[in-house]
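One structure is given below, encoded as structure tokens.
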Amino acid sequence: MAAPPRLICKGAELTDGGPGVRFEVERDGRLVPAFAVRHQGRVHAYLNRCAHIGLELDWVEGRFFDDSGLYFICAAHGALYRPADGVCLAGPCAGDALAAVPVREEAGGIFLD
């Protein structure tokens, strides 16, 4: 029997370009940090690990966007990531991408797939 879907947060908690919600996912038998945000009306989720050196992105817990609210910014070295696909646009990891976490929004909630 499949496990029930895991609720990450209520959909209303995520506003466009606003704070994200941190959560953990299991990878290779251990829990790793991840985050979900809303950008241009859609919810996106990624492992909270910079593609360059693996540090967490948020400079303050849950703050992933730059001042414009258009890009994620790495707190360690300022790399800019495109929220729609996690690709690094500028910085030492340009061209690399964040690891996506599959989520879906339904019935007023954001669920881990």
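The values are calculated or read from the model by the stated rules, or taken from the named source; none is laboratory data. Since the structure is predicted, the reported quantities are computational estimates derived from the model, not experimental observations. Please note: Cβ atoms are built from the backbone with ideal geometry, for glycine as well, and neighbour counts cover all protein chains shown. Ligands, DNA and RNA are stripped out before the accessible areas are found, and what is left, the full protein with its side chains, is counted by its heavy atoms. Shrake-Rupley method; radii C 1.70, N 1.55, O 1.52, S 1.80 Å.
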*Give the residue that is farthest from A99 (Cα to Cα), with candidates limited to residues of the stretch 50-77 that are touching a Leu at 6+ places or on another chain (Cβ under 7 Å) and in contact (Cβ under 8 Å) with a residue 40 or more places away in the chain.*
F64
*In the stretch 60-111, which residues are aliphatic (A, V, I, L, M), surrounded by fewer than 18 Cβ atoms within 10 Å (Cβ to Cβ) and within 18 Å of G11 (Cα to Cα)?*
A84, A107
_strands (runs of 3 or more DSSP E) (entirely within the stretch 1-100) containing at least 3 residues that are aliphatic (A, V, I, L, M)_ = 30-39, 42-47
*Residue check, L57 under 18 Å from D85 (Cα atoms), among the aliphatic types (A, V, I, L, M), in contact with a Pro (Cβ under 8 Å, 6 or more places away or on another chain) and surrounded by 17 or more Cβ atoms within 10 Å (Cβ to Cβ)*: no
*How many residues are open to solvent by less than 70 Å² (accessible area, probe 1.4 Å) and of a type outside the set (A, V, I, L, M, F, W, C) if we restrict to the stretch 30-54?*
8
_Residues that are open to solvent by 90 Å² or more (accessible area, probe 1.4 Å) and at pLDDT 95 or above, drawn from the stretch 1-15_ = L7, K10, A12, E13
*Filter pass, F23 being touching a residue at least 60 places away in the same chain (Cβ under 8 Å), open to solvent by less than 80 Å² (accessible area, probe 1.4 Å) and either in contact with a Leu (Cβ under 8 Å, 6 or more places away or on another chain) or among the aromatic types (F, W, Y) (or both)*: yes
